[in-house]
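Beneath this line is the structure, given in structure tokens, with notes to follow.
Taken together, the values in this text are just the output of simple stated rules run on the coordinates, not laboratory data. These numbers were taken from a predicted model, which means no experiment stands behind them. In this analysis, Cβ positions are derived from the backbone assuming ideal geometry, glycine residues included, and neighbour counts consider all displayed protein chains.
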Amino acid sequence: MAAEVVDAALAVAEIERGDTVMVGGFGLVGAPLTLIEALVASPAARELTVISNNLGEPGKGLGALLLAGGVRKAIGSYFTSNPDVVAAHERGALEVELLPQGTLSESIRSGGAGLGGFYTPTAVGTQLAEGREEREIDGARYLFYPSLRADVALVRARTADELGNLVYDKTARNFNPDMATAGRIVVAEVDEIVPVGDLAPELVATPHLFVDYLVRAKLTL
Amino acid sequence: MSVSETIARRVAGHLRDGETVNLGIGIPTLVADFIEDRPLVLHTENGMLGVGPTPEGAAVDVNLVNAGKLPVSETPGAAYFSSSESFAMIRGGHVGVAVLGALQVDARGRVANWAVPGRPILGVGGAMDLLVGAQRVIVATTHVTKRGEPKLVETCTLPLTAERPVDLIVTEHATFAVRGGGLVLTEVAPGSSGEWVREHTGAAYRSEV
């Protein structure tokens, strides 16, 4: 079934207070900035658990959602680049779950793939291993991590066709293809929407069955 | 040339033609500007193989960045991929070398580069994955901290990033290899001296210089 083309406000109206939301991007690169702006303006988008590598930059991207009081918990790998995150965490206004970047991306991938979790050698013997199940497989030590899924995933691509097939742009791809598989509802913000048949099938990075809504980008880097 | 650039240039000299090399945040990403036309393939954790040097002016593309979110260029044969595929390459042992920064390195060559005690631990990035997955790990770091304290220490006071020791430590003053469970001084940089290195290294090492 074809993805529905909607405006950003309508797309984020799917998000309710307390929901878990995945947001693509590596910093602001590949982040769906138009959708994030709509989240900031949506009164229902509060007390969210946000799964994203970072929480944007001070006042920008997810950094703006944090300042608007939209984020209760952040799950990601690198928050130190936004001092507002550190400050919110220190005054007890933000819960943070830190995962190594490869563990974060694999948690999302395996969530989208219908798995319960996976064993990784990353972080064995470190402080991040505390409280995690450890198991030896073929003589090597691994930690168990459960998969991650979201109520809604917000991703950024360059081009969609009217079905919702997605093509990305350079390193703006990053977490977006993984997150596009792991949301119950998936919204893709794109620069352009082309007719069905215009995208070379071999170049489609996210097949359309993952995508529910398309939103045209109004904000770009 | 800045101290960071000096270290990056020295690291480039330790890379072997034909290797696939991941560059981490900080000094390591500067290595891309010292590769010139050597047959090396640079990998960046945010999803690219075939990273080229820093672009000039109009060639900067906001969607083309390295692990430090700084602009890079594309070399012929480059490829883009998702974060999970990028880390499958790293953990799966498909990346030959990782170049990482460090806060401290201990006498066994184990690195601490992600957390500072007394401050909330809010960033880890890809360092832990790179330390378990890369075939060879090179640390690129200043020899001492901004306060002048040695970064090579007998025991790390900061939490370790992995149990696995690194293979090589390159500073602006010296190069140490990790062999037989300990540090071996293999090179003193031009303009530095064995005496300076001895006075500013907090870990025991054997010298081959």
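Which residues in region A:2-31 place their backbone N less than 12 Å from a point set 7 Å from the Cα of A:LYS60 along the Cα-to-Cβ direction?
Counting backbone N atoms under 12 Å from the label point, the list is A:27-31.
What is region B:89-130's relative contact order, in percent, from Cα pairs under 8 angstrom and six or more apart in sequence?
36 percent
Okay, which of region A:178-221 sit inside 19 Å, backbone N to the point 7 Å along the Cα-Cβ direction of B:ALA79?
A:178, A:201-207
How high is the relative contact order of chain B, given as a whole-number percent (alpha carbon pairs under 8 Å, six or more residues apart)?
Reported relative contact order: 18 percent.
Mind putting a number on the dipole of chain A about its Cα centre? Charges go on the C-beta only, +1 for Lys and Arg and -1 for Asp and Glu, and I need it in Debye to the nearest 20. The partial results should precede the final answer.
Values: 18 positive and 29 negative charges, 78 e Å.
That gives a dipole near 380 debye.
What FRET efficiency comes out for the pair A:ARG132/B:GLU56, r = Cβ-Cβ distance, R0 = 35 Å, nearest 0.05?
In this case the efficiency is close to 0.15.
Please give the net charge around A:ARG46, taking every other residue with its beta carbon less than 15 angstrom from that of A:ARG46, where Lys and Arg add +1 and Asp and Glu add -1. Could the numbers behind the result be given before it?
Working: positive: A:ARG17, A:ARG72, A:LYS73; negative: A:GLU14, A:GLU16, A:ASP19, A:GLU47, A:GLU95, A:ASP151.
Once positives and negatives cancel, what remains is -3.
Determine which residues of region B:163-183 fall in the zone a paramagnetic label at B:ARG198 would reach in this model, i.e. backbone nitrogen under 18 Å from the point 7 Å along Cα→Cβ.
Counting backbone N atoms under 18 Å from the label point, the list is B:173-176, B:183.
Need one number: nm distance between label points at B:THR157 and B:ARG179, each 7 Å from Cα along Cα→Cβ, rounded to one decimal.
In this crude spin-label approximation the distance works out to 3.2 nm.
If you stretched the chain out fully between A:ALA2 and A:ALA113, how much longer would it get, using 0.36 nm times the residue separation minus the C-alpha to C-alpha distance?
Result for the pair: 37.8 nm of gain on full extension.
Under a 10 Å cutoff between Cα atoms, tell me which one of B:PRO28, B:PRO150, B:PRO117 has the largest fluctuation in the Gaussian network model of chain B.
Maximum among the listed residues: B:PRO117.
For chain A, what does the helix formula give at 222 nm: sum of -39500 (n - 2.57) over DSSP H segments with n ≥ 4, over the residue count, nearest 500 deg cm²/dmol?
For chain A, the value works out to -5000 deg cm²/dmol.
Which loop trypsin sites (Lys or Arg not before Pro) in region B:102-189, with loop taken from DSSP, have no more than 15 other Cβ atoms within 10 angstrom of their Cβ?
Working: sites: B:ARG108, B:ARG110, B:ARG136, B:LYS146, B:ARG147, B:LYS151, B:ARG179; in loops: B:ARG108, B:ARG110, B:LYS146, B:ARG147, B:LYS151.
Counting only loop positions with at most 15 other Cβ atoms within 10 Å, the trypsin sites (Lys or Arg not before Pro) in region B:102-189 are B:LYS146, B:ARG147.
Using a Gaussian network for chain A with springs between C-alpha atoms less than 10 Å apart, which of these wobbles most: A:GLU130, A:GLU202, A:GLU97?
In this elastic network of chain A, the residue with the biggest mean-square fluctuation among A:GLU130, A:GLU202, A:GLU97 is A:GLU202.
Please name which of A:GLY111, A:LEU98, A:LEU10 has its Cα lying farthest along the dipole of chain A towards the positive end, using unit charges on Cβ (Lys, Arg +1; Asp, Glu -1) and the Cα centre as origin.
Value computed over the given set: A:LEU98.
Rank A:GLU133, A:GLU14, A:GLU37 by mean-square fluctuation in a GNM of chain A with C-alpha springs under 10 angstrom and give only the top-ranked residue.
Judging by the Gaussian network model, the answer is A:GLU133.
Calculate the FRET efficiency for B:HIS94 and A:ARG141 from the Cβ-Cβ distance with a Förster distance of 22 Å, rounded to the nearest 0.05.
0.60
Which aspartates and glutamates does A:LYS218 reach when only Cα atoms under 13 Å apart count, and residues fewer than 8 places away in its own chain are ignored?
Reachable aspartates and glutamates: A:ASP7, A:GLU37, A:GLU189, A:ASP191, A:GLU192.
Around A:PRO195, with a cut-off of 13 angstrom between Cβ atoms, what is the net charge of the other residues, counting Lys and Arg +1 and Asp and Glu -1?
Net charge in that neighbourhood comes out at -4.
Around B:VAL170, under 9 Å between beta carbons, what's the net of Lys plus Arg minus Asp minus Glu among the other residues?
Value of the local net charge: -1.
Give the Cα extents of chain B along the principal axes, in whole Å, largest first.
Result for chain B: principal-axis Cα extents of 46, 36, 31 Å.
Could you tell me the relative contact order of chain A? Use alpha-carbon pairs under 8 Å, at least six residues apart, and round to a whole percent.
Values: 535 pairs, mean separation 53.5, N = 221.
24 percent.
At a Cα cut-off below 20 Å, give the aspartates and glutamates reachable from B:LYS151, other chains included and same-chain residues fewer than 8 away excluded.
Counting by Cα, and skipping residues close in sequence, B:LYS151 has these aspartates and glutamates nearby: B:GLU5, B:ASP106, B:GLU163, B:ASP167, B:GLU172, B:GLU187, B:GLU195, B:GLU199.
Can you tell me which lysines have their Cα less than 17 Å from the Cα of B:LYS69? Leave out same-chain residues fewer than eight positions away.
List returned: A:LYS60, A:LYS170.
Over all directions, how big on average is the projection of the convex hull of the alpha-carbon atoms in the protein assembly as shown, in square nanometres?
Averaged projected hull area, Cα only: 21.3 nm².
Could you please tell me the mean projected area of the C-alpha convex hull for chain A, averaged over all directions and given in square nanometres to one decimal?
With the hull built on Cα positions only, its mean projection is 12.5 nm².
Provide the three semi-axes, in whole Å and in decreasing order, of the ellipsoid equivalent to region A:124-221 as defined by the square roots of 5 times the Cα gyration tensor eigenvalues.
Three semi-axes, in Å: 35, 14, 13.
Using the Cα centre as the reference, give the magnitude of the dipole from point charges on the C-beta atoms of the protein assembly as shown (Lys, Arg: +1; Asp, Glu: -1; all else neutral), rounded to the nearest 20 debye.
Dipole about the Cα centre, nearest 20: 1060 debye.
Please report, in debye to the nearest 20, how large the charge dipole of region B:3-166 is about its Cα centre when each Lys and Arg carries +1 at its beta carbon and each Asp and Glu carries -1 there.
620 debye
Quickly estimate the mean residue ellipticity at 222 nm for chain B, helices only: each DSSP H run with n ≥ 4 gives -39500 (n - 2.57), and the total goes over all residues, rounded to 500.
Here the helix-only value at 222 nm equals -4500 deg cm²/dmol.
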